[in-house]
Amino acid sequence: MTASTASVISLQHIQMTFHDQNGELEVLRDIQVEIRPQEFLCVLGPSGCGKSTLLRMLAGLLAPTGGQLLKADNQQLSVGLVFQQSNLMPWRTVLDNILLPLELRGVPQDAALQKAQDLIELVGLQEFTNVWPESLSGGMAQRVAIARALIQDPDLLLLDEPFGSLDALTREKMGAELLRIWQARRKTVVMVTHSISEALLLADRVLVLSQRPARVLLDLPVRLPRPRGEEARYSAEFQAMAKQIRGAISV
């Protein structure tokens, strides 16, 4: 569970409308969400409803056209981003891909290497330190992407369908890996997913968004005990929450 009830980010009556030569497209309408420290929040909703737009707004890549996005103590939050594709640089090894953010910040080499080695161990890629991305499986590449995001020690980790391109078995394994990594580092995480069972296995709380323009249809606390394993999927409480989320998505 989360360590505190104080918010890291407060979204207050957020609106997002895009304007182009064809007119305007309202994507988000009156979104009100509190994101708490060390919370794992999953966001679900129909395709194209604005989930990724919301994530880009949290990352500071988009500004809302209405409402307020307030950060704790008005501080600038550092953010790590992981997308559906790992976007690794093919000319850099696993180690060098993970080191890149610290190189760009000018962190001394010895300190950067120590952080990178610690993260390589955390994500279980010790035997692949000097391997090129082309030799990695999809799941391994996403582990590298997660390590690259974590090496900056972000206040907020944003995941946009990070396992969407993986096969079902690899996706389950990566979900378990992400849960293990999160429990080790306890970052505040917001993850977009289309998988109800993945959300319930990972999250402290699940948000369900409506069709565009998106509104929050359901804000569901997940009170399943941690640590969670695959067996949690078969409990009556898990199935009841899955049914509740499925019902909200189909509205």
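The values are calculated or read from the model by the stated rules, or taken from the named source; none is laboratory data. Values in this document were obtained by computation on a predicted structure and should not be read as measured data. Ideal geometry is used to build each Cβ from the backbone, glycine not excepted, and the neighbour counts take in all protein chains shown.
Identify the residue in segment 126-164 that is touching a Lys or Arg at 6+ places or on another chain (Cβ under 6 Å) and assigned to a loop (DSSP other than H, G, I, E, B) and, among all such residues, is surrounded by the most Cβ atoms within 10 Å (Cβ to Cβ).
Start the filter on segment 126-164 by keeping residues that are touching a Lys or Arg at 6+ places or on another chain (Cβ under 6 Å), which leaves 151, 157, 163.
The next check asks that each one be assigned to a loop (DSSP other than H, G, I, E, B); those that pass are 151, 163.
On the way: Ile151: 22, Phe163: 25.
Residue satisfying both the conditions and the ranking: Phe163.
Looking only at residues that are aliphatic (A, V, I, L, M) and farther than 24 Å from Glu34 by Cβ in segment 201-241, which one is nearest to the chain's Cα centre (by Cα)?
Ala232
Among the candidates Thr53, Thr65, Thr93, which residue alone is polar (S, T, N, Q), over 17 Å from the mean Cα position of the chain (by Cα) and surrounded by 17 or more Cβ atoms within 10 Å (Cβ to Cβ)?
Thr93
Can you report the number of residues in segment 178-219 which are crowded, with 20+ Cβ neighbours inside 10 Å and polar (S, T, N, Q)?
2
For segment 66-104, name all the residues that are on the phi < 0 side of the Ramachandran plot, of a type in the set (S, T, N, Q) and either in contact (Cβ under 8 Å) with a residue 60 or more places away in the chain or assigned to a loop (DSSP other than H, G, I, E, B) (or both). Give the steps one after another, and end with the answer.
Restricting attention to segment 66-104, the residues satisfying the condition of being on the phi < 0 side of the Ramachandran plot are 66, 68-72, 75-86, 88-104.
Those still in the list that are of a type in the set (S, T, N, Q) too: 68, 75-76, 78, 84-86, 93, 97.
Answer for segment 66-104, where residues must be on the phi < 0 side of the Ramachandran plot, of a type in the set (S, T, N, Q) and either in contact (Cβ under 8 Å) with a residue 60 or more places away in the chain or assigned to a loop (DSSP other than H, G, I, E, B) (or both): Gln75, Gln76, Ser78, Gln84, Gln85, Ser86, Thr93.
Here is a check on your reading of the model: is Glu177 over 16 Å from Leu44 (Cβ atoms), in a helix (DSSP H, G or I), more than 18 Å from the chain's Cα centre (by Cα) and at pLDDT below 95?
Here the answer is no, as Glu177 does not meet what is asked.
It is to be established whether one or more residues within segment 38-47 are on the phi < 0 side of the Ramachandran plot, modelled with pLDDT of 95 or more and among the aromatic types (Phe, Trp, Tyr).
The answer is yes, given that some residue of segment 38-47 is on the phi < 0 side of the Ramachandran plot, modelled with pLDDT of 95 or more and among the aromatic types (Phe, Trp, Tyr).
Answer with yes or no whether Val8 is touching a Pro at 6+ places or on another chain (Cβ under 8 Å) and within 30 Å of Leu125 (Cα to Cα).
no
Quick one: Leu99 ticks every box in (1) of a type in the set (A, V, I, L, M, F, W, C); (2) at pLDDT 90 or above; (3) under 23 Å from Gln183 (Cβ atoms) except a single one, so which number is it?
(3)
Just one of the numbered conditions (1) under 23 Å from Arg215 (Cα atoms); (2) exposed (fewer than 15 other Cβ atoms within 10 Å of the Cβ); (3) hydrophobic (A, V, I, L, M, F, W, C) is not true of Val33; which one?
For Val33, the exception is condition (2).
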